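The values are calculated or read from the model by the stated rules, or taken from the named source; none is laboratory data. Given the structure is predicted, the values throughout are model-derived calculations rather than measurements. Cβ: placed from backbone, ideal geometry, glycine included. Neighbour counts: every protein chain shown. These area figures cover heavy atoms from the full protein model, side chains too; ligands, DNA and RNA do not enter into them. Shrake-Rupley method; radii C 1.70, N 1.55, O 1.52, S 1.80 Å.
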Amino acid sequence: MERMDALLYDCDIREPLFDYLEERFGKARMFDEKIIGKSRADVLMVTEGRITGLEIKSDADTYERLKRQIRDYDKYCDENYVVIGRSHAKHVEEHIPAYWGVLVVSVNGREIVIEEMRPAQQNPKMKRELQLAILWRAELQNIIEQNHLPHYRQKSKRFVREKLLEKLEWNRLKLEACEELFERDYTLLEEEEE
């Protein structure tokens, strides 16, 4: 039997975290290790009309890079969670904004348990243009075609994103962007970042 205070590492947390998120949120698509700004997001979870960032801080991790990571997650995500090992539970709130949620991962017997210590709130710093930057060119083109907009084929992805933001109501655009992410096909080559 393992004890409640067993140390958990990133590799111990990911699979139980994905199971927890799928059980809790239903239809969800997980993106592992996605570059956002100058950080690598541990997990981006797409649900209907929502992108949630999850930064894992296992018992073996420090808060050294967290300040920069928070800035980057805040630019791209609708809400954010820090997912922590139990050793961080006492002090994590000192290191994150009040609107970030906290999920605590611990060992109970042979089971890994995840509990919400604090729910995530709406992120007030999300930038719509940057959130759309998560989409590939082909995904942006799909949205353009669905909405019968000019194709802008010779224009940059940035130009296309700006046009979509200008021409479409945000809630509709957001739902379509999330749907594109649900359908993303990794057998196609991923585009290089701009």
Inset, instruction - Of the numbered conditions (1) touching a helix residue (DSSP H, G or I) at 6+ places or on another chain (Cβ under 7 Å); (2) among the aromatic types (F, W, Y); (3) open to solvent by less than 10 Å² (accessible area, probe 1.4 Å), Y73 fails exactly one; give the number of that condition. - result: (1)
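Return yes when S87 is modelled with pLDDT under 95, hydroxyl-bearing (S, T, Y), in a strand (DSSP E or B) and within 30 Å of D10 (Cα to Cα) and no when it is not.
no
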Inset, instruction - Please find, within the stretch 40-60, the residue that is least open to solvent (accessible area, probe 1.4 Å) out of those that are among the acidic types (D, E) and touching a Phe, Trp or Tyr at 6+ places or on another chain (Cβ under 9 Å). - result: E55
